[in-house]
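Okay, so here's the structure we're looking at.
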Amino acid sequence: MIRPKEGILDPQGQAVERALPALGYDDVAHVHVGRLIELEVGGDERTVTARVEEMCERLLANPLIESYEVQAAGAAP
Amino acid sequence: MSEVAVNPGSGLPPGLLSQAEALGLKRSELDLICELLGREPNQLELAVFSLLWSEHCAYKHSKKLLRKLPTEGPRVLMGPGENAGAVDVGDGLAAVFKVESHNHPSAVEPFQGAATGVGGILRDVFAVGARPIAVLDSLRFGDPDTPRTRYLLERVVAGIAAYGNSVGVATVGGEIYFEPPYEQNCLVNAMCVGLARKDRLVRSAATGVGNLIVLLGARTGRDGIGGASVLASAELSEADHDKRPSVQIGDPLEENKLIECCLQLVDQELIAALQDLGAAGLASSTSEMASKGGVGLDLDVSKVPRREPGMEPFEVMISESQERMLCVVEPKRLDDVLSICARWETRATPIGTVTDNGRLRVFDGGEEVGDMPVPALVDECPLYDLEPAEPADRLRAFADPRAVLGHDSEPEESLRALLSSANVASRRWAFEQYDFLVGSRTVRRPEQADASVLRLMHAGIETERALAISIDGNGRRVACDPYIGTIEAVCECAANLSCVGAEPLGLTNCLNFGNPEKPHVAWQLTRAVEGMASACRALDVPVVGGNVSLYNEGPEGPIYPTPIVGMVGEVPDARRSPSSAFNGSREGSRPDLVALIGPFRPALAGSELEKLRGSVVPGLPPFDLRPVVEALAVVREAVRAGEVASAHDVSDGGLAACLAECVALGGVGAEIDLDPLVHRERIDLEAALFGEGPGGVVVSGPREALLALSNRAHRVGFLAIGTVRGPELRIAAGAATIALSVEEAGRLFHSGLPARLS
Amino acid sequence: MSARVGVVVFPGACDEEDALIAVNGTPGLEARYLPHGERDLKGADAVILPGGFSYGDYLRAGAIARFAPVMEAVIEFAREGGPVLGICNGFQVLCEAGLLPGALLVNESLKFVCRQVVVAVDSTATPFTSGCEPGEQLSVPVKHTTGRWFAPPKLADQVEAAGQVVLRYAADTNPNGSLRDVAGVANEDGNVFGLMPHAEHAVDELTGSTDGLRLFGSLARHLSAVTA
């Protein structure tokens, strides 16, 4: 999960935040739009997480403007 | 309708008939298919027939009518029937162009619908071996103040931008109209213009028994399965939300590579034929190629690269996955073809061979899963005669526009309302989202002149000359009078070319209409085509290609009948294409004169002003085409001679709106007196100010030049109506005076559209 | 003899031909393409990364192009002081590659914007602006969705202090919400320069303006001095 860093202007999030009240959702705040990247990586959970974090640092995210979070979804069926 | 012979004795299995009907085939058509095959079709064959015999592929309600259009001329290199039309533009170059609709897909999913509309029309152009250099879009939406219209407009424009900008082809112009009848059924027509070396134009006929059929580009998924028959020939209803999964998704990166790859294959003369995969996918592209070449094809669907597992052979045949092309290759050149494809990272897979048996045979590995005679697929679809009937009330089928202006509005108030109205206001909000510069050919950008002007430069051949392009149509006026309204659309397009000094070389059209099986729609369609034929003959412009989009109806009724006309013209000297705007830079010395050229006879019937007042009144006055054509020639010659500083044709909102645009865009005022027009035409003030009609062009230029021009223009109509000067637009007409500051004109014109969208 | 300028072509490039035309239209410069798979620069004296949507920009503008084989050679060339110009997508690639400070974010409007703008030359200490006057105003078009330059406050201050801001949008014409109206920045040595405005689309009166030639002309003069 990759999202704009805290404090960075997020016009996509703002656009969504402005649109929701028009549909009756008045109590929504702090909307941020990020993106979800799904990957299948072989290995045990700890090494996989470390490798995916490395991928985020190098390619998947831009650490200057984006934060990321890696979640292991368990072994592929 | 002329019924085809029905075979009453045929005991078709009930399942087959209901399947066929679900796919849009009539009982009589299914009987004919059985007769042509000599047996019942299997599922794959039924799917293929249903698509090839759909309105979209077979033009079964329009083919006979379209024969009325003139298609020949000395500059025509390729006419209707090829992937796109081509005209000779000199220096060994050809201009290739076509317009096509993507209306139903855009109504269902506006972003992807519009994006893939652009992708599809680009492929039609590079299928002929031409490099796409420009895209123009003609869009129609409902009332601009409804949330649905705002949503569709935002998403359609974003889709065009996303695809066109990423693929790297300039979107240089277009038009947008807002009218209630398009509320549920928006129109998205895209036109593409390309350039090719004349000696490298490619046709789509498959030739050479033993040659290979090679599939290029994206992998095949379940995109748009049934799209052509279900989406493109059924009226829209509530159930459309369920159709979303079958919408095609565009990939402009894939297309960007595919363009470069195909153009290199063409340039190195490695392929014998090229064809895009559009509606009905492989089914239609293979049959069309075989039909044109008079050959047969053996295809192995198991070789087609798939994006999804478990696809059935019939799904592979009719999938509308985007960014795919088909080419015919001699076996000895296959390795060269594959190596160029590898260089562009474009997938290339031989999937079949050309045969001499005139049949389209489909295999799944070793197993034959379909066998159809090619002529049966392409030529034997029954053509239907329309049953036109003029309705007693031409406009009854359409919702009235909402009144936003009183019937007794003062001229100044009317002009303000018009200038900021949805149909007249600046389209900057839209065109700034498009890359109109890529390619380094754009001489006149959107809104700078009446037509887009692109430098004629291709493959190392540089010229002084330019192409001018325009796309036009006004459904409301065609609804008022399909014959005159369509003639006006053709004249408007030609006038836009004249204003930049261009001579029309060829025309492409898209006929957007309702259900042709309804007599009044059949009448609209028939009269519109007759009008187009008359106008093309008068202007001596051949129709080199086009597209028909029928069944454009929502639950509340049909759209306005909307023929869209795209034209390409030739400008001898790119430096001499004037702006639409008045030029204030000579103010202080001797200010420019303003003149109205042409047999302009304005009337309020079907006008924007009447629309703002909540009514559409039929009764467009008939007019003579000859003087209009002559006036356009005079304007063209004046532009080419460098006599005029600006040229802008009178269109929506009449003369007052036209003048206000010249002022708003030029940033300089003008003093205008319309009494000469009032006297000449014996019309009232309101008609002079806001009346519409063909054959009027406002030009400005240095006094001496315009005086010289007046001698030549006298016979087609020339009225000196004012001077370019001052901080405001002042129009006097009899007792009425309008005064609008340059600043306010600019504000009204430029804020009209964004104000409605925020 | 003309100096050689390599124009890198990534899959999905759009303005590579425009860059080629602009360079070839500049006396003293001669352009040739450098395909993305090349591992050396074929003797180029300067390199241009042109505009477009490399690899579709599907992950993040410039993110994937930065790992193309040719980029190793470009990065090495830049580190050795070779002049490298990134226009639009090329600017995004140079930021992703860490050759330029900051990052480019989606425009505040969230929309693509194609418009003629005026930029002022803030620094003449680069091979691309050395022929310009400080403060000189240039009319050039922008066309992008992801052109809002951003750097965290500390980095932005450093960039300003080091004189690395090369171009700024004229007052009230910032088309994308870019921080401090930045339109183009250089690295500390000034040899790597990225800008959002399309200088290559401002080289002919017929198609708009010729102000872009001020940048290409500067490069030609710089290279003739260096290679003489």
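Quick grid of which residues meet (1) outside any strand (DSSP E or B); (2) under 23 Å from B:GLU345 (Cβ atoms); (3) under 16 Å from the mean Cα position of the chain (by Cα):
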| site | (1), (2), (3) |
| --- | --- |
| B:GLU175 | no, no, yes |
| B:VAL188 | no, no, yes |
| B:LEU195 | no, no, no |
| B:ASP199 | yes, no, no |
| B:VAL202 | yes, yes, no |
| B:GLY210 | yes, no, no |
| B:GLY224 | yes, no, no |
message: Given the condition crowded, with 16+ Cβ neighbours inside 10 Å, over 30 Å from B:GLU517 (Cβ atoms) and modelled with pLDDT under 95, answer yes or no: does some residue in the range B:326-343 qualify?
response: no
- request: Keeping to the range C:65-112, report how many residues are over 19 Å from C:CYS14 (Cβ atoms), within 13 Å of chain B (Cβ to nearest Cβ) and touching a residue at least 40 places away in the same chain (Cβ under 8 Å).
  value: 1
query: Only one of B:ALA389, B:ALA397 is over 30 Å from B:PRO305 (Cβ atoms), surrounded by fewer than 20 Cβ atoms within 10 Å (Cβ to Cβ) and among the hydrophobic types (A, V, I, L, M, F, W, C); which?
result: B:ALA389
Qualifying residue in the range B:356-372 (condition: of a type in the set (Gly, Ala, Ser), over 30 Å from B:GLU330 (Cα atoms) and part of a loop (DSSP other than H, G, I, E, B)): no
task: State yes or no: is C:VAL117 of a type in the set (A, V, I, L, M, F, W, C) and either surrounded by fewer than 22 Cβ atoms within 10 Å (Cβ to Cβ) or within 11 Å of chain A (Cβ to nearest Cβ) (or both)?
output: yes
Residue tally, condition in contact with a Leu (Cβ under 6 Å, 6 or more places away or on another chain) and buried (at least 16 other Cβ atoms within 10 Å of the Cβ), over the range B:400-411: 2
message: Out of the residues in the range B:415-437 meeting the condition of being within 14 Å of another protein chain (Cβ to nearest Cβ) and of a type in the set (A, V, I, L, M), tell me which one is surrounded by the most Cβ atoms within 10 Å (Cβ to Cβ).
response: B:LEU437
- prompt: Does the range A:35-57 include one or more residues that are without any contact (Cβ under 8 Å) to a residue 24 or more places away in the chain, in a helix (DSSP H, G or I) and closer than 30 Å to B:LEU757 by Cα?
  reply: no
query: Is one or more of the residues making up the range B:417-424 under 21 Å from the mean Cα position of the chain (by Cα), assigned to a loop (DSSP other than H, G, I, E, B) and of a type in the set (S, T, N, Q)?
result: yes
Count - residues of the range C:2-32 that are within 9 Å of another protein chain (Cβ to nearest Cβ) and more than 22 Å from B:PHE436 (Cα to Cα): 0
message: Suppose we keep only residues that are at the interface with chain B (Cβ under 9 Å from one of its Cβ atoms) and assigned to a loop (DSSP other than H, G, I, E, B) within the range C:45-64. Which one would you say is nearest to C:LEU215 (Cα to Cα)?
response: C:GLY51
message: Any residue that is acidic (Asp, Glu) and either touching a His at 6+ places or on another chain (Cβ under 6 Å) or closer than 30 Å to B:ASN515 by Cα (or both) - is there at least one of those in the range B:407-419?
response: no
Flag for C:VAL93 being crowded, with 24+ Cβ neighbours inside 10 Å, aliphatic (A, V, I, L, M) and closer than 18 Å to C:VAL182 by Cβ: yes
Hey, C:GLY177 among the small types (Gly, Ala, Ser), within 12 Å of another protein chain (Cβ to nearest Cβ) and surrounded by fewer than 18 Cβ atoms within 10 Å (Cβ to Cβ) or not: yes
task: Name, by its number, the condition in (1) under 16 Å from C:ALA103 (Cβ atoms); (2) buried (at least 24 other Cβ atoms within 10 Å of the Cβ); (3) in contact (Cβ under 8 Å) with a residue 60 or more places away in the chain; (4) within 13 Å of another protein chain (Cβ to nearest Cβ) that does not hold for C:GLN164.
output: (4)
- prompt: Which of the following residues is over 30 Å from B:GLY557 (Cα atoms), more than 14 Å from every other protein chain (Cβ to nearest Cβ) and touching a residue at least 24 places away in the same chain (Cβ under 8 Å): B:GLU390, B:GLU412?
  reply: B:GLU412
- prompt: Which one of these is more than 17 Å from C:VAL121 (Cβ to Cβ), within 14 Å of chain B (Cβ to nearest Cβ) and either surrounded by fewer than 24 Cβ atoms within 10 Å (Cβ to Cβ) or touching an Asp or Glu at 6+ places or on another chain (Cβ under 7 Å) (or both): C:ASP172, C:ASP189, C:ASP204?
  reply: C:ASP204
task: Write out, first by first residue and then by second, each pair whose Cβ atoms fall under 9 Å of each other, whose residues are 6+ apart or on separate chains, and whose first residue, in the range B:139-159, is more than 24 Å from B:PRO561 (Cβ to Cβ) while the second is outside any helix (DSSP H, G or I) and of a type in the set (Asp, Glu).
output: B:ARG155/B:GLU109; B:VAL157/B:ASP137; B:GLY159/B:GLU109
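Conditions (1) out of contact with any Phe, Trp or Tyr (no Cβ under 9 Å at 6 or more places or on another chain); (2) polar (S, T, N, Q), marked per residue:
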site	(1), (2)
C:ALA171	yes, no
C:ASN174	yes, yes
C:GLU188	yes, no
C:ALA199	no, no
C:VAL203	no, no
Residue, nearest to the other protein chains (Cβ to nearest Cβ), within the range A:1-26, restricted to residues that are of a type outside the set (A, V, I, L, M, F, W, C) and closer than 30 Å to A:ALA72 by Cβ: A:GLN12
field: Exclusive hit being in contact with a Phe, Trp or Tyr (Cβ under 7 Å, 6 or more places away or on another chain), charged (D, E, K, R) and touching a residue at least 40 places away in the same chain (Cβ under 8 Å), set B:LYS64, B:LYS60
entry: B:LYS60
statement: C:THR146 meets each of (1) buried (at least 24 other Cβ atoms within 10 Å of the Cβ); (2) within 14 Å of chain B (Cβ to nearest Cβ); (3) not in a strand (DSSP E or B) with one exception, condition (1)
task: Could you tell me which numbered condition C:SER209 fails, if it satisfies all but one of (1) within 14 Å of chain B (Cβ to nearest Cβ); (2) within 17 Å of the chain's Cα centre (by Cα); (3) not in a helix (DSSP H, G or I)?
output: (2)
message: Which of the helices (runs of 4 or more DSSP H) found entirely inside the range B:52-169 contain at least 1 residues meeting this: in contact with a Gly (Cβ under 9 Å, 6 or more places away or on another chain) and closer than 21 Å to B:ASP199 by Cα?
response: B:110-126
Residue ranges of strands (runs of 3 or more DSSP E) in the range B:442-498 with at least 2 members charged (D, E, K, R): B:461-472
field: Subset of the range B:40-71 (residues that are among the hydroxyl-bearing types (Ser, Thr, Tyr), farther than 24 Å from B:LEU12 by Cα and modelled with pLDDT of 90 or more)
entry: B:SER62, B:THR71
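The values are calculated or read from the model by the stated rules, or taken from the named source; none is laboratory data. Owing to the predicted nature of the structure, the values given are computational and were not obtained by experimental measurement. Note: ideal-geometry Cβ built from the backbone for every residue, glycine included; neighbour counts use all protein chains shown.
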